[in-house]
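Colleague: Take a look at the following structure, please.
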Amino acid sequence: MAKDPPEIVRDIGILASTDPVAIDKSSADLAIRYGKRDVFREGYDVDWMLQLKHGADIGLGSLDYELVELS
């Protein structure tokens, strides 16, 4: 039986948005906050913010977001 891959960040929950740039930015920010390191940059050695900035520049969405926690 295959083993589960190692956890790189704790469960941050489920996020939802109509803005694809904001949802990706908020997901990455939460993963970094709770993982206490930038696991994306460590794992892939790329600046993942370049893609998000480009998406915002061409009108796909915004880098700004507001987290609203539901219970």
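Colleague: Can you list the chymotrypsin sites (Phe, Trp or Tyr not before Pro) in the stretch 10-48 that are in a DSSP coil and have 15 or fewer other beta carbons within 10 angstrom?
Modeller: Filter output for the stretch 10-48: Trp48.
Colleague: Tell me, what is the FRET efficiency for Ile12 and Ile58 to the nearest 0.05, using R0 = 25 angstrom and their Cβ-Cβ distance as r?
Modeller: Calculated transfer efficiency: 0.35.
Colleague: Let me ask another. Please give the per residue accessible area of the stretch 1-46, computed with a probe of 1.4 Å over protein heavy atoms only, in Å².
Modeller: 81
Colleague: Can you give me the % of accessible surface on the chain that is carbon or sulfur? Probe 1.4 Å, all protein chains present, nothing else counted.
Modeller: The value for the chain is 54 percent carbon and sulfur by accessible area.
Colleague: Turning to a different aspect of this structure: Angle check, please: helix 20-35 long axis (alpha carbons) against the longest principal axis of the chain (alpha carbons), in degrees 0 to 90, nearest 10.
Modeller: Compared with the principal axis, the helix lies near 40 degrees.
Colleague: Also, quick follow-up: I'd like to know how the chain sits against the 2.2 N^0.38 Å rule of thumb: what's its Cα Rg over that expected value?
Modeller: Output field value: 1.25.
Colleague: With all protein chains present and a 1.4 Å probe, how do Glu7, Glu42, Glu69 order by accessible area, largest first?
Modeller: My answer, sorted largest first, is Glu69, Glu7, Glu42.
Colleague: Enumerate the calculated ³J(HN,Hα) couplings along the stretch 60-71 in order (Karplus 6.51 cos²θ - 1.76 cosθ + 1.60, θ = phi - 60°), each rounded to whole Hz, writing x wherever the residue is Gly or Pro.
Modeller: 6, x, 10, 7, 8, 7, 10, 7, 10, 8, 9, 9
Colleague: Right, another one. Within the chain, report the trypsin sites (Lys or Arg not before Pro) that DSSP leaves as loop and that have at most 15 other Cβ atoms within 10 Å.
Modeller: Lys3, Arg10, Lys36, Arg37
Colleague: Next question. Compare Leu15, Leu67, Leu60, Leu52 by solvent-accessible area with a 1.4 Å probe and give them largest first, with all protein chains kept in place.
Modeller: Highest to lowest solvent-accessible surface, that is Leu60, Leu67, Leu15, Leu52.
The values are calculated or read from the model by the stated rules, or taken from the named source; none is laboratory data. The model shown is predicted, which means the values in this text are computed figures rather than measured ones. Here Cβ is always computed from backbone atoms with ideal geometry, including for glycine, and neighbour counts include all displayed protein chains. The accessibility values were calculated without ligands, DNA or RNA, using every heavy atom of the protein model including side chains. Shrake-Rupley method; radii C 1.70, N 1.55, O 1.52, S 1.80 Å.
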